[in-house]
Amino acid sequence: MNRFFKVSLLLMALIFAASTRSSAQTTKYKCMIQMTNYMGDGAYIVISLVDPKGEYEKTLYVLGDDKKWYKSMKEWYKFHTKKPSNLSAITGASVTGGDRSVNTIEIETAKLNAGYTLRFESAVEDKPYHIKDVEIPLTTEALGAKTDGDKGYIRYVRFSAN
C-alpha cells in the first residue's frame with residue numbers, strides 16, 4: 001500500500017507540473033480604439049498577435065459579430081480558415097466613424113518584449129480594406145503609450161492594464 005501511495009503522489013505531481021507548464025500566464029489589458037470621423041457603415045476590426053516573422057499567431061479580439069463579413073478582412077480570414085478558433089468569447093460589436101470602443105484582451109506575458117506585434121486590421125463595407133490599419137510592437141513601452149493610426153479608420157489605440 002505504501003508503494004501504491006508513493007506512485008500515486010508521483011503521478012499527481014507529474015500531471016500538475018505538466019499542466020502548469022502548458023497553461024501560459026496572461027495579462028488582461030483594456031484596449032481603447034478611437035475611430036476617425038469617416039462616413040459609412042461600422043468597421044470590422046480584428047486584433048491579432050503577429051509573431052516576429054510577421055505571421056499571424058492568434059486572434060485576440062474581433063469587433064463585428066456577423067460572420068459573413070469576416071472574409072472582407074482577407075489576410076486574417078486566410079489565417080482563420082487554416083487555424084479556426086472559437087471566436088464567441090472574443091467578439092464584440094463593430095464600431096462606427098467617430099466612435100470609440102473599449103474591450104478587454106488577454107496577452108500571454110511571455111510574448112511581451114519578445115518581438116511580437118499587435119495588428120489591427122479593418123474593413124468597412126464599400127470602402128478600402130486596411131491590412132495594417134495600426135500595428136503596435138508588443139513592448140512594455142508601446143502598451144503604455146497612445147499609438148496613432150495613419151492608414152485607415154482608426155485614429156488611435158490606447159492600452160491600460162486591467
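What follows is calculated from the coordinates using simple rules that are stated; it is not laboratory data. All values reported here derive from a predicted model rather than from experimental measurement. Using ideal geometry, Cβ is built from the backbone for each residue, glycine included, and neighbour counts are taken over all protein chains shown.
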Item to check | Stokes-Einstein D for the chain, Kirkwood Rh over Cα pairs, 4 °C, 1.567 mPa s (µm²/s) | outcome: 75
Checklist entry - Per-residue ellipticity at 222 nm for the chain, helices alone: DSSP H runs ≥ 4 residues times -39500 (n - 2.57), over residue total, nearest 500 deg cm²/dmol? => result -6500 deg cm²/dmol
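Below 14 angstrom from the Cβ of residue 30, what's the summed charge of the other residues (Lys, Arg +1; Asp, Glu -1)?
Values: positive: 28, 100, 146, 158; negative: 106.
Local net charge: +3.
In Å, the Kirkwood hydrodynamic radius of region 37-102 over pairs of distinct alpha carbons?
On the way: mean 1/r = 0.0791 Å⁻¹.
Radius from the Kirkwood sum: 12.6 Å.
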Checklist entry - Using the Cβ atoms and a cut-off under 15 Å, what net charge is assigned to the surroundings of residue 118, where Lys and Arg are +1 and Asp and Glu are -1? => result -2
Item to check | Built amide H within the under 5 Å cut-off of residue 156, gap 5+ | outcome: 34, 149
Checklist entry - Can you work out ³J(HN,Hα) from phi for every residue in region 75-89, in order, using Karplus 6.51 cos²θ - 1.76 cosθ + 1.60 and θ = phi - 60°, giving whole Hz and x for Gly and Pro? => result 5, 5, 4, 4, 4, 4, 6, 7, 10, x, 9, 6, 8, 4, 7
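Filter the GluC sites (Glu not before Pro) in region 16-97 down to the DSSP loop ones having no more than 10 other Cβ atoms within 10 Å, then list what survives.
Details: sites: 55, 57, 75; in loops: 55.
Sites meeting the loop and neighbour criteria: 55.
State the extension gain, in nm to one decimal, for the chain segment bounded by residue 39 and residue 89, taking 0.36 nm per residue of separation less the distance between their alpha-carbons.
Working: separation 50, 0.36 × 50 = 18.00 nm, distance 2.91 nm.
Stretched out fully, the residue 39 to residue 89 stretch lengthens by 15.1 nm.
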Checklist outcome for this item: Computed over the Cα atoms of region 105-162, the Rg and Dmax in Å are 12.5, 39
Checklist entry - Given the pairs 28/151; 30/146; 71/127, which span a C-alpha to C-alpha distance of over 22 angstrom in this model? => result 28/151
